[in-house]
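A short write-up of the structure that comes next.
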Amino acid sequence: MGFLWKKAKGDMAKVTLTVLGSGSRGNSLHLEHAGRAILVDAGLSAKQLEGRMAEVGAELAELMGIVLTHEHGDHTAGLKTFVKKRRCPIFASHGTKDALEAEVATAEWRGFQAGQQLEIGCFSIETFPVPHDAAEPI
């Protein structure tokens, strides 16, 4: 993964990072601070994402966006269905966005250049390119 979570703005008393899935069957992280959250990747089915979020007490309403590391299926399998249910922006490098945008055309896409810093609500995320066989992985 080519991103560095730098900080959550405001009170740093409680920041929670939960691994919802990791490995070839699907990758997804849930990051929460002060009632706001982001997902990093959506590689599980939408049903699995929702179920695992519910298991850890994560609310869909808290979700401010999904950050994609790259376009491979083990990082994006549940994306299309998940964003239909929970309208939230998808943050992806331009290469990843270009590879997926037609497939998930109804989503609100926010493209960025690998290496760019992202500000998503209370989260500040520094992205950086990584070597991988994908369009523009971070």
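The values are calculated or read from the model by the stated rules, or taken from the named source; none is laboratory data. A quick note: this is a predicted structure, and the numbers were derived from the prediction, not measured. All Cβ positions, even for glycine, are placed from backbone atoms using ideal geometry, and neighbour counts span all protein chains on display.
Of all residues in the range 25-70, those satisfying the criterion of being closer than 17 Å to Phe91 by Cβ and of a type in the set (Ser, Thr, Tyr) are Ser28, Thr69.
Restricting to the range 120-137, name every residue that is part of a loop (DSSP other than H, G, I, E, B) and among the aliphatic types (A, V, I, L, M).
Initial filter on the range 120-137 (part of a loop (DSSP other than H, G, I, E, B)): 121-122, 128-137.
Within the range 120-137, Val130, Ala134, Ala135 qualify.
For the range 100-119, state whether one or more residues are buried (at least 17 other Cβ atoms within 10 Å of the Cβ), touching a helix residue (DSSP H, G or I) at 6+ places or on another chain (Cβ under 9 Å) and either assigned to a helix (DSSP H, G or I) or on the phi > 0 side of the Ramachandran plot (or both). Among the residues of the range 100-119, at least one is buried (at least 17 other Cβ atoms within 10 Å of the Cβ), touching a helix residue (DSSP H, G or I) at 6+ places or on another chain (Cβ under 9 Å) and either assigned to a helix (DSSP H, G or I) or on the phi > 0 side of the Ramachandran plot (or both), which makes the answer yes. Checked against (1) surrounded by fewer than 21 Cβ atoms within 10 Å (Cβ to Cβ); (2) within 21 Å of Gly21 (Cα to Cα); (3) in contact with a helix residue (DSSP H, G or I) (Cβ under 6 Å, 6 or more places away or on another chain), Ala135 passes all but condition (2). The residues in the range 57-71 that are more than 13 Å from the chain's Cα centre (by Cα) and touching a residue at least 40 places away in the same chain (Cβ under 8 Å) can be counted, and the count is 1.
In the range 86-101, the residues that are at pLDDT below 95 form Cβ pairs under 6 Å with partners that are part of a helix (DSSP H, G or I), at six or more places apart or across chains, as follows: Arg86/Leu60. Checking each residue in the range 45-99 for being hydrophobic (A, V, I, L, M, F, W, C), farther than 15 Å from Leu29 by Cβ and touching a helix residue (DSSP H, G or I) at 6+ places or on another chain (Cβ under 6 Å) picks out only Ala46.
On inspection, Gly73 qualifies as at pLDDT below 90, closer than 23 Å to His132 by Cα and out of contact with any Gly (no Cβ under 6 Å at 6 or more places or on another chain). Among the listed residues Gly23, Gly43, Gly10, identify the single one that is at pLDDT 95 or above and either surrounded by fewer than 22 Cβ atoms within 10 Å (Cβ to Cβ) or under 17 Å from Phe82 (Cα atoms) (or both). Residue meeting the stated conditions: Gly43.
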